[in-house]
Each structure stands twice: as structure tokens, then as C-alpha cells.
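To start, the structure itself, in C-alpha cells.
What follows is calculated from the coordinates using simple rules that are stated; it is not laboratory data. Every value quoted in this text rests on a predicted model; they were computed, and no experiment measured them. So basically every Cβ, Gly included, is an ideal-geometry build from the backbone, and we count neighbours across all protein chains shown.
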Amino acid sequence: MIQDLLNALTLGSIYLLFALGMALVWGTIGILNFAHGSIFMFATFISYLIAERIVLPLPVILVIAAAVGAILSVAVQVLAFQPIMRRAKNQHSAELQILIGGIGIAAVPIAIAQRATLSNPFGLGNSSFQVQIYEIGDVRVSNIMIMILFAGLVLGGGLAWWIKVSRQGLALRAIGVNDEVASIMGINKQRLALATMALGGALAGLAGALLTVYLSAITPESGDALLIKAFAAIVLGGLGSIAGVIAGSLVLALSETLVLTHTSGTWVNAVSFGLIFLILVVRPQGIFGRKNVVRT
Amino acid sequence: MNFFSTNIILVENTLIVILLALSIQIPLRLGVFSFAAIGYYAIGAYSSAILMLEFGWGSWEAMFVATVFATVVAYLLGLVLARLTGLYLGMATIAFDLILVVIVLNGGSLTGGPVGIFGVLGSIELWHLAAAVIIVLALLTLTERGKLARRFDAVREDPQLASSMGIDVVSYRRLSFLISGALGGLAGAFAINLRTTISPESIGFGLVVLGLTVIIVGGQASWVGAVIGACIFVWLPKLLDFVGDWEEIIYGMVVVLAAIFIPGGIVGLFLEAKHRRQSKRNRSVVEQVSALLAGEDEHESRSAAVNEGAISDR
């Protein structure tokens, strides 16, 4: 029981790291980045290529993965999303074109990684880091689990605090509410958007490397499933609330663990898809969300 | 004839992709951002296959029931998701597609699990499919002319304005789910009859990307866009060998470039060019008329009439 709870919390922390970046970008600059999942995967893939050749300590690998994630994310923003926003005729069509563009972008790194690995799973086993398992009573905890929990706790809490307290956080929230008024108040939306995308990408890369060490390998396609799960976590908590993302990720991980321990395991993916459906139908603004009234 | 018989599979694929793409396009033309077409396709294909294999039904009865079933599911989905728009609707419908994949994976012997269903031998031939596509295109042409077309445009571009003009926006949106369900179900039923197999892999995210690619590159405004897109993306890998190797990468890039540079697709480019030519001509007509006519009233009514002509031609 405690073991299941601990596993669920670890899984929830991974979901959180991944979903945080996505929620931050979506809730503030209004970009639902469909390429987030493939950035997550490709950042891990690049670190895998590097780690194959040189034996590196785990912290260095994590930094590389986060840096690659940030670079990819910024590249997507500059090369695709900014031109779309510049050319789109209104906010609504820009949103949809960005989603479509993101789906297109997402296909490219996945296809490259599939070709390079022949669709086999790849891992980060070739590092100086050794997974160690400690047994406390009948609960088994590994050092990577502790790192994941720590990263989820610190980054989740830290980001929530930063958004609430800092000037940049205030500026980001202001853009999220009304970007025109925000830019009149002297907020440089372009620059802030790039920084937010970079942060989101770095979190995705970090989540990718941590998950890969935890599971010992991931497949090139794993980003897509995670993307839908993160979306479920975000709508569950309510867009625009970091506390909501934290709650959503944990609820999702707990319910998935529950399904996993009580069924054969093939229904696990239905949990997140079902949750998206249920929440959007019953309470579209999410648990923590504000009501946004739109007629017709 | 020789060309035709060697490429019969590609012709089949083109026609099926046209139906599937239309199933995505109709909601888009009404401003409903739904990817559920892939789900309707899956329902059409799987229920036809099950009816034919497990219950020994004929192709046509199975196709009819499967299409009706997909349409009913689509209508119910439309009712359930009525409150959602934009991105939320898009993601909810993607979730719907993926739930169906999980369901067929867990369907045991009925759906064949991860292997899928194979050996469905129907009595349907290519010309039946071709006839169905032509009928569908003819019916859709009716929605692209005159009053109905303008209503579609109004519901998409400005739902508030549309409902203030007395257009029942909610009914039009439900109608879009209904048509989309029928077209998607039909596409699936034809696909299983002509290809004889269906598997969870073939109704996954890849099909969402293909359908979207076809519509985005071809164009959303008219069925012509779906036809152009389907022809391009079914025949491209055949015509250019290197495209086959790098298919996913090239398709991905094409979607991004289309989303950035030609959001209206290839059809959108033509419409834009036509519109620009026309508005230039109309402007010169207005100038001539105003130069010729001295009477204030007459001038006004004439130029108004010309302007109206320009709008309804669009």
C-alpha cells in the first residue's frame, strides 16, 4: 500500500515536471505546445547519444537534457509559433494554427529518433550513476525515486512561489489575463514568451532524463502519450493555476496506479483520456480554475 | 487501363482518404475543431468487420448499420461536448479517438486485441466506393453555394453575429457532428471491405496527423481542398521514392510550413487570388460608374449593388 503510494507519487512528480512547462506556456502566452512531448523525447535522445560516447555523471546528463530541451523549445517558438502569431488574422485562428503546427513539428523528431534507433527503446544506462535500492521495512525506495520526488517538490513549489511573488511572475500572469493591456504596461511579451518556452523545454528535458533513468529506457513514441496525460492533468487542475497542475498530476498518477494494481494494466491509458472527457464535460474550468463565461 | 490496375490500391486509398478528410473538414467549416473523425472511422471499420465476421452479415447491411452507428455516436458526442470550443474541443476529441484505441486493444476476441481483425471479405468493389464519393461530393457542393454557404461562413467566422441574424448556431454545430459521423463511418466501412484488415495501429495518432495534413495543405474552405490534399499525400510516396523513406518527417514539415504560410491551404490560395482580382475589377467599375453618373441617388444605389455582387460572389 505504502509502496503503491510512493510509486504513484514518483509517477506524479514526472507528470508534474512535464505538465508544468506545458501549463506555464499555455496559461500565460496562450500556446498549447503539441511539440512538448517530442521535445521531452528528443532532449533525452540527444543526451543518450552523448552519454553513449562519454561516461558522464548523472547531474551533467540532466543539465544537458534540460539545455537541449530549452534550445529545442526556443527554436520551435522562433521558427514556427512566432511567425504563425505574426501572420494570423485573429487570436482564435492563431491558437488553432499553433496546435496544428505543433502536431506537424511533433512528428519530425519522433520520426528521426525512430529511424536512428529502429524504434527500439533507448536508455541512459551508460553513466557513472548507479541505481541503488534501499529497503525500509517492506518498502523499496531507489535513489532515483528520491531525486524525482525532490525535483518535483522543489520545482513545482518553487515555480508556484515564483509566479506568485516575483515581478516576472506578475508580468506572466498579466499576459495570461490580457496581453494587450499587459504590453501597454510595458511588458515585453516577445522576450517573456521566449523565456517561458525555454523554461518549459528545460523542464521537459529534465523530466525525460529522470524518467529514462527511472524506467531504464523509453521509446521514441513515449512523448505523445505523456502529452495527452499532461493535458489531462492541466484541465483537471484548471488552466492558469500552478497548484492546479500539481493537484492534477498527483490525482492522475494515483488513479493510474489504482487501475494498474487492480486490472491487467492494459486499461491504464484509458484513465487519462477518460479523465479529460469527464472533466471537460462536468467542470470545464477544472478543480482550481476560474469560470470564464463565453456565450455561443 | 494498365496504369489503373497496377495502382488500384492507391486509387482506393485516395477515395477513402477523401471521405475521411471530408469528415474532418465539415466540422472545421462550421468552426467546430473536432478530430473525432478518426474515431468514427474506427467505429465504422470495426463494427462492419464484427457484423460480417461474427454475425455473418452481408457487406451492404453491415456497412449501413455501421455507418448509422457511427453517426449516432457522433451525434451523442456532439451533445456531450456541446459546451466546448476551440482547443478544448480539439483535445477532447483526440482523447475520444485514443479511448477507442484502448477499447479495441482490450476487446478480446471480438476486436482481435493488438493484432486486429483480418480476413474480412466483402462484396464491395472499387466502383461502389467511387460512386459513393461522387454522390457525397455532389451533396457537399450544395453546402458551398448560395445561402447555405453564407450561413456556414457566418457560423464559423462570428457565431455571435450569426445567432443575432437568426441562424441557429447550436443546431448547425450538431449537424456538423452528424455529417462528420456519417462520412467517417462510411469511410471506415469502405476501408474494411476493400482492405480486409483493421488493427489498432491503423486508427491511432498517425491517422489523425494524415487527415489533418490533407485538410491543412489542401484547404478547409471546400471539398476541392480535401480532394487535392488526398491526391497529394496518397500519391507522393509513390511518385518520389525518397519521400517514402522520409514520409513522416516530410509530412510533419509540410504541415508546419502550411500552418505558417498558407493557413487556407491550396484552395485558400486560389480563393484569395480570385478575390483580389475581383475586388480590383469592382473598384474600377465603381470609379467608372461614379464618373459617368451625375445623379447622387442613382450613383449610390448602383455602387451599392456592385458591392453586394462582390460580397455574394466571394
Open item on the list: With unit charges on the beta carbons (Lys and Arg positive, Asp and Glu negative) and the dipole taken about the Cα centre of the protein assembly as shown, which residue among B:Trp246, B:Leu129, A:Gln190 sits farthest to the positive side?
Closed with: A:Gln190
- [ ] Quick one: what are the phi-derived ³J(HN,Hα) couplings along region A:89-94, Karplus 6.51/-1.76/1.60 with θ = phi - 60°, whole Hz, x for glycine and proline?
- [x] 7, 8, 4, 5, 5, 4
Task: Under-5 Å amide H pairs with B:Gly219, H placed in peptide plane, nonlocal only - done: B:Ile266, B:Val267
Task: Listed residues B:Ile50, B:Ile99, B:Ile179, most fluctuating in chain B (Gaussian network, C-alpha, under 10 Å) - done: B:Ile99
Open item on the list: With viscosity set to 0.890 mPa s at 25 °C, what whole-number translational diffusion coefficient in µm²/s follows for chain B from Stokes-Einstein and a Kirkwood radius over Cα pairs?
Closed with: 116 µm²/s
- [ ] Go through region B:172-181 residue by residue and turn each phi into a ³J(HN,Hα) via Karplus (6.51, -1.76, 1.60, θ = phi - 60°); whole Hz please, and just put x for glycine and proline.
- [x] 4, 5, 4, 4, 5, 5, 4, 5, 4, x
Open item on the list: Out of the trypsin sites (Lys or Arg not before Pro) in region B:109-190, which ones are loop residues according to DSSP with at most 10 other C-beta atoms within 10 Å?
Closed with: B:Arg145
TODO: Read phi for every residue in region B:50-66 and hand back ³J(HN,Hα) as whole Hz from Karplus 6.51 cos²θ - 1.76 cosθ + 1.60, θ = phi - 60°, with x for Gly and Pro.
DONE: 5, 4, 6, 7, 7, 10, x, 6, x, 4, 6, 4, 4, 4, 4, 5, 5
Open item on the list: At 7 Å along Cα-to-Cβ for each site, give me the label-to-label distance between B:Phe118 and B:Gln278 in nm.
Closed with: 5.2 nm
Task: Estimated distance in nm for a label pair at B:Leu10 and B:Ala138, the labels positioned 7 Å out from Cα along Cα-to-Cβ - done: 2.9 nm
Task: For A:Ser142, distant residues with modelled amide H under 5 Å away - done: A:Tyr134
Task: Calculated FRET value between A:Gln114 and B:Leu292, using beta carbons and R₀ = 60 Å, to 0.05 - done: 0.30
Task: Helical contribution to [θ] at 222 nm, DSSP H n ≥ 4, -39,500 (n - 2.57), averaged over chain B, rounded to 500 - done: -26500 deg cm²/dmol
Open item on the list: Just to be sure I understand: with springs between alpha-carbon atoms less than 10 Å apart, which residue in B:Ser199, B:Ser164, B:Ser34 has the highest mean-square fluctuation in the Gaussian network model of chain B?
Closed with: B:Ser164
Open item on the list: Is there a quick way to get the dipole size of the protein assembly as shown? I mean about its Cα centre, with the Cβ of Lys and Arg at +1 and of Asp and Glu at -1; what is the value in debye to the nearest 20?
Closed with: 1340 debye
- [ ] Run the dipole for chain A about the Cα centre, Lys and Arg Cβ at +1, Asp and Glu Cβ at -1, nothing else charged, and hand back the magnitude in debye, nearest 20.
- [x] 1020 debye
- [ ] Using a 10 angstrom cutoff on alpha carbons, build the Gaussian network for chain A and name the most mobile of A:Ile184, A:Ile100, A:Ile246.
- [x] A:Ile184
TODO: List the residues whose amide H sits under 5 Å from the amide H of A:Ser127, counting only those 5 or more places along or on another chain, with H placed 1.01 Å from N in the peptide plane.
DONE: none
TODO: May I ask which residue of B:Val102, B:Gly225, B:Ser199 lies farthest towards the positive end of the charge dipole of region B:2-263, with charges of +1 (Lys, Arg) and -1 (Asp, Glu) on Cβ and the Cα centre as origin?
DONE: B:Gly225
Task: region B:243-264 versus region A:37-54: alpha-carbon centroid distance in Å - done: 24 Å
TODO: Determine the equivalent ellipsoid of the protein assembly as shown by diagonalising the alpha-carbon gyration tensor, then write out the semi-axes as square roots of 5 times the eigenvalues, largest first, rounded to whole Å.
DONE: 42, 33, 23
